[in-house]
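Values in this text are rule-based calculations from the coordinates and carry no lab data. Since this is a predicted model, take the numbers as computed values, not measurements. Positions of Cβ are backbone-derived with ideal geometry, glycine not excepted, and every protein chain shown enters the neighbour counts.
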Amino acid sequence: MLIIAKLVVREGQAEAFLSAFAAYRALVIAHEPDTALFDVFRDAGSQFGFTILELFRHEAAYAHHNSTSYRDACLALIRAEIADGSASTHHAADAEGLLANLGGGHAVRA
């Protein structure tokens, strides 16, 4: 499953957002081997716009991600920095096909 989330952080909160996301990402990398990609990218030409990409190898990996003990605390820190009403999320189910096209490697950046 591929998840693409687009959001805008509050003015002056980009570094706090990136710090909170980095802490969450470290936990995902350490504890979720079937999460193939979990990263954030600053939108081109935008000081406050970001895109988060999450790629799970299968539905069970997505379910595990959503049931971890650290998820809610990390999301609370991240959501505190997001401008009201700015987040949109899109889901695509065919992660296996995407991973096959990418060579099936573990794509999480260190």
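A compact table of results
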| item | result |
| --- | --- |
| Estimated inter-spin distance, D39 and E15, nm [label 7 Å along Cα→Cβ] | 2.4 nm |
| Ranked by how many other beta carbons lie within 10 Å on average, peptides 47-56, 81-90, 25-34 from highest | 47-56, 25-34, 81-90 |
| Residue-count net charge about V8 - beta-carbon cut-off 12 Å; Lys, Arg +1, Asp, Glu -1 | -1 |
| Ranked packing of 13-21, 61-69, most packed first, by mean Cβ within 10 Å | 13-21, 61-69 |
